[in-house]
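The values are calculated or read from the model by the stated rules, or taken from the named source; none is laboratory data. The structure presented is a predicted model; accordingly, all values stated were derived computationally and were not measured. In this analysis, Cβ positions are derived from the backbone assuming ideal geometry, glycine residues included, and neighbour counts consider all displayed protein chains.
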Amino acid sequence: IILSSSADTKFLAPMLSAQLKAGYVPNVVAAPESTSPFQVKRTVFSNKGFAITQLDTDVKIIGVSNNAFGSVENKTDTTVEDFAPELAEAAFATKSIEIDKVVGKATIADADIVVSGGRGLKGPENCGMIEELAEVLGAATACSKPVSDLGWRPHGEHVGQTGKPVASNLYIAIGISGAIQHLAGVSASKVKVVINTDPEAPFFKAADYGVVGDAFEVVPQLIEKLKEFKAQNA
Ligand SMILES: Cc1cc2nc3c(=O)[nH]c(=O)nc-3n(C[C@H](O)[C@H](O)[C@H](O)COP(=O)(O)OP(=O)(O)OC[C@H]3O[C@@H](n4cnc5c(N)ncnc54)[C@H](O)[C@@H]3O)c2cc1C
């Protein structure tokens with residue numbers, strides 16, 4: 001069974017694994033190295049290393065890491081069948097009493113774009129530009145650990161080794177130095193953009209695009225240009 005690595009499948013896979021008595025390997029980044037024995041390559045330690053893991057169960061479940069494979073068009077004729085399972089309340093071992101969900105905002109786990117702020121923002125009063133940029137892009141907001149430790153942003157937004165992992169298509173790091181613990185959590189993002197005044201900031205080595213500049217000048221201009229672009233292409 002091949003699954004993705006969305007927040008939903010990471011929740012589903014362990015339950016399937018227990019139900020089917022199947023071995024489960026998440027964060028798989030390559031096709032199996034061998035099928036007998038069945039061995040797959042996966043990331044470990046917050047994407048800092050790789051491990052080759054062997055599955056010996058009859059049924060095997062792998063969770064493919066986000067952005068590990070490009071999409072390839074494979075034209076086939078398929079029949080789409082309606083699937084409407086009937087599940088009675090009694091079929092569930094647990095019962096949801098209440099669902100408390102953030103609405104109208106992309107979450108870090110599933111966001112296509114993440115806009116993240118670091119200590120270069122200087123203070124909580126300047127986080128508005130991160131929110132505004134995120135709003136224009138339809139992105140989720142995130143931050144470095146010190147920013148949440150200082151209470152500038154909520155703890156749920158802290159990304160990195162000790163925070164949430166990010167595997168978005170675009171990760172924009174604003175005023176973040178790029179410490180190894182931060183990069184460990186964002187390295188699975190497809191395209192990384194950094195805005196930083198210090199050309200020697202380590203993030204530039206890990207980024208696909210970099211702007212050496214003051215966030216307080218660059219970000220408002222970026223917001224303005226994006227708004228113009230959206231208005232012209234609405
Ligand atoms: C065990 C352990 C676990 C950790 N886990 C995490 C983790 O999960 N996530 C995490 O983020 N950190 C983590 N850290 C902390 C990490 O080591 C760094 O200290 C932290 O990431 C630095 O945050 P920062 O980049 O926001 O701040 P800083 O390192 O202070 O960097 C601020 C950056 O902003 C730039 N800047 C300043 N002014 C401007 C401006 N006007 N415009 C643009 N740029 C500007 C500066 O040049 C600098 O590069 C961990 C540390 C330890 C020891």
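Take A90 and tell me if it is over 27 Å from G23 (Cβ atoms) and not in a loop (DSSP other than H, G, I, E, B). Here the answer is yes, as A90 does meet what is asked.
Is it fair to say V114 is within 11 Å of the ligand (Cβ to nearest atom) and either at pLDDT 95 or above or on the phi < 0 side of the Ramachandran plot (or both)? Write out each step before concluding.
Details: within 11 Å of the ligand (Cβ to nearest atom): no; either at pLDDT 95 or above or on the phi < 0 side of the Ramachandran plot (or both): yes.
Against the criterion (within 11 Å of the ligand (Cβ to nearest atom) and either at pLDDT 95 or above or on the phi < 0 side of the Ramachandran plot (or both)), V114 does not qualify.
Among the residues of the range 156-207, those that are over 21 Å from A106 (Cα atoms) and among the acidic types (D, E) comprise D198, E200.
Does the range 24-39 hold any residues that are β-branched (V, I, T) and surrounded by 12 or more Cβ atoms within 10 Å (Cβ to Cβ), and which are they?
Selection gives V25, V28, V29.
Output the residue which, of all residues in the range 52-66 that are free of Cβ contacts under 8 Å to residues at least 60 places away in the same chain and aliphatic (A, V, I, L, M), is farthest from L3 (Cα to Cα). In this case the residue turns out to be I52.
Here the condition is being surrounded by fewer than 21 Cβ atoms within 10 Å (Cβ to Cβ), of a type outside the set (F, W, Y) and touching a His at 6+ places or on another chain (Cβ under 7 Å); of S144, S148, S177, it holds for S148 alone.
Could you grab me the full set of residues in the range 184-203 that are modelled with pLDDT of 95 or more and within 13 Å of the chain's Cα centre (by Cα)? Selection gives V191, K192. Of the conditions (1) crowded, with 22+ Cβ neighbours inside 10 Å; (2) assigned by TED's automatic domain parsing to the domain that holds S189; (3) within 14 Å of the ligand (Cβ to nearest atom), I108 clears all except one; give me its number. That leaves (2) as the condition not met.
Evaluate the range 127-136: report whether one residue or more is outside the structural domain of A184 (by TED's automatic domain parsing), within 22 Å of the chain's Cα centre (by Cα) and surrounded by 10 or more Cβ atoms within 10 Å (Cβ to Cβ). Among the residues of the range 127-136, not one is outside the structural domain of A184 (by TED's automatic domain parsing), within 22 Å of the chain's Cα centre (by Cα) and surrounded by 10 or more Cβ atoms within 10 Å (Cβ to Cβ), which makes the answer no. Taken together, the criteria exclude V194 from residues that are closer than 26 Å to L226 by Cβ, touching a Lys or Arg at 6+ places or on another chain (Cβ under 8 Å) and buried (at least 24 other Cβ atoms within 10 Å of the Cβ).
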